């Protein structure tokens, strides 16, 4: 009874922390992992060992080879001549990627979390089209099969995990999301106003047959694309178009500045992170006591070295 009350007190003090019995169960689950799973996890998910680096390099090569096959397969002359070779290579690569995906699920401490993660979904989407195409019979569905083949281009997203600064860029984009949304909302209001004005001024006789068509013209003009399929003919319409063009040049730099500012904040925070005196790796919070990479004790706060030094 006393132990039960202490466990309740322990859980109430630390919120969502595990009670001692659950901690023992978690430790038991960790100990139950086989040495093969631990070794595979170190190789596949880690990059700090020679085997892990070799695995990553090999996986990058296979992804690039798969992309080359998909691109060359879309050329009709090459597909007619080397179609069999492309099919053999595609199924070999699909088999290897399938084996990689299954192995990741096998050695991952939390397979469900990996399967639901961004990279897990990308890995699954990269291999599914090949198998789905087998379930779509009939000559009249060749277009659908071709679309499924094009979906294999998603394998290129697997390369994101090999970019060291991808996480920083993603965090910057996420932090800029609210400002970017407000910016695009403002742009949407502007193109609606200018499109409506052009519909009233130019009218159907000059190609502005409806407000949606006029809004399309405003988007093309404000982004400085200028297809030229819709052109104002009246003096007032040309005046509105000139204002729209000048406004487009002035607002295009806004999202770039927002994202650049967030990237600068991320880089500034990274430079302030503590560097380990043993393994020289940064990424530790200012109040950290031990290195999260090698476990060595960090220096005193007054003598610590940051990534900027």
### Task
Select from segment 33-47 the residues that are in contact (Cβ under 8 Å) with a residue 40 or more places away in the chain and not in a helix (DSSP H, G or I) and list them in ascending order.
33
### Query
Taking the condition at pLDDT 85 or above, in the same structural domain as residue 102 (by TED's automatic domain parsing) and part of a helix (DSSP H, G or I), does residue 67 pass?
no
### Task
Please note which helices (runs of 4 or more DSSP H) are completely contained in segment 80-194 and include at least 3 residues that are modelled with pLDDT under 85 and over 21 Å from residue 52 (Cα atoms).
118-132, 142-150, 166-175
### Query
Would you call residue 86 in contact with a helix residue (DSSP H, G or I) (Cβ under 6 Å, 6 or more places away or on another chain), surrounded by 16 or more Cβ atoms within 10 Å (Cβ to Cβ) and under 17 Å from residue 45 (Cα atoms)?
no
### Message
Between a residue in segment 217-244 that is assigned by TED's automatic domain parsing to the domain that holds residue 205 and touching a residue at least 12 places away in the same chain (Cβ under 8 Å) and any residue that is buried (at least 19 other Cβ atoms within 10 Å of the Cβ) and not in a helix (DSSP H, G or I), which pairs come within a Cβ distance under 6 Å, given they are 6 or more apart or on different chains?
### Response
217/230; 232/202; 237/202; 241/232
### Query
Which one of 18, 6, 2, 36 is loosely packed, with under 12 Cβ neighbours inside 10 Å and modelled with pLDDT under 50?
2
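The values are calculated or read from the model by the stated rules, or taken from the named source; none is laboratory data. Everything numeric here is computed off the predicted structure, so don't read it as measured data. As a convention, Cβ positions derive from the backbone with ideal geometry for all residues, glycine included, and neighbour counts pool all protein chains shown.
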